[in-house]
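Asker: Attaching a single structure in structure tokens format; questions to follow.
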Amino acid sequence: MTTIIDTERAIERVLHSVAYILDAGEYERMGEVFHEDVHFSNPGRLEARGLGTLIEAFSAIANPARSHSNTNIVVTVVDDTHATSVCKAHTVRADGEVAPAEYRDAHVLTDHGWRIAERRIRQL
């Protein structure tokens with residue numbers, strides 16, 4: 001039996017894994033953390049629907065973030081297969097630009113584990 005704490009930890013692991021995947025520029029691994037039908041919204045920077053489109057969009061970023069730090073993570077379990085989360089993020093781009101933000105995510109449990117189905121980013 002999976003507990004709420006198990007679910008929260010699994011989702012926190014997904015959130016931290018996103019950071020490592022993006023920091024390494026290993027965009028082909030994004031399917032490990034994002035749902036195939038993901039909706040990704042970072043207004044003014046990047047909008048994508050679908051995993052393939054998201055991978056293409058990240059691959060085309062001229063000044064990618066190379067250091068993501070997530071903090072103040074709060075996971076809310078909705079039911080056995082759905083959850084939401086919010087966290088603060090601190091990113092440093094390849095040119096040294098610092099970009100603090102807030103991530104609001106919707107998660108879904110798949111046959112391969114928890115995946116981010118929707119990410120909305122608000123720059124701070």
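Asker: Regarding Val38, is this residue under 13 Å from the mean Cα position of the chain (by Cα) and either among the hydroxyl-bearing types (Ser, Thr, Tyr) or surrounded by 13 or more Cβ atoms within 10 Å (Cβ to Cβ) (or both)?
Answerer: yes
Asker: Here are Ala106, Ala99: which of them is surrounded by 15 or more Cβ atoms within 10 Å (Cβ to Cβ) and closer than 25 Å to Ala10 by Cα?
Answerer: Step by step, each of Ala106, Ala99 is checked, and only Ala106 is surrounded by 15 or more Cβ atoms within 10 Å (Cβ to Cβ) and closer than 25 Å to Ala10 by Cα.
Asker: For region 93-114, name all the residues that are charged (D, E, K, R), within 17 Å of His82 (Cβ to Cβ) and not in a strand (DSSP E or B).
Answerer: Residue satisfying the conditions is Asp111 alone.
Asker: Quick check on my filter: what residues within region 80-124 are of a type in the set (D, E, K, R) and modelled with pLDDT of 95 or more?
Answerer: Asp80, Lys88, Glu102, Arg104, Asp105, Asp111, Arg115, Glu118, Arg119, Arg120, Arg122
Asker: Being farther than 14 Å from Asp105 by Cα, surrounded by 15 or more Cβ atoms within 10 Å (Cβ to Cβ) and either touching a residue at least 24 places away in the same chain (Cβ under 8 Å) or touching a strand residue (DSSP E or B) at 6+ places or on another chain (Cβ under 7 Å) (or both) is the filter here; which residues of region 48-90 pass it?
Answerer: Within region 48-90, Ala48, Gly50, Leu51, Leu54, Ile55, Ala57, Phe58, Pro64, Ala65, Arg66, His68, His90 qualify.
The values are calculated or read from the model by the stated rules, or taken from the named source; none is laboratory data. What you are looking at is a predicted structure, and each value in this text was computed from that prediction instead of being measured. No Cβ is skipped: glycine too gets one built from the backbone with ideal geometry, and neighbour counts run over all protein chains shown.
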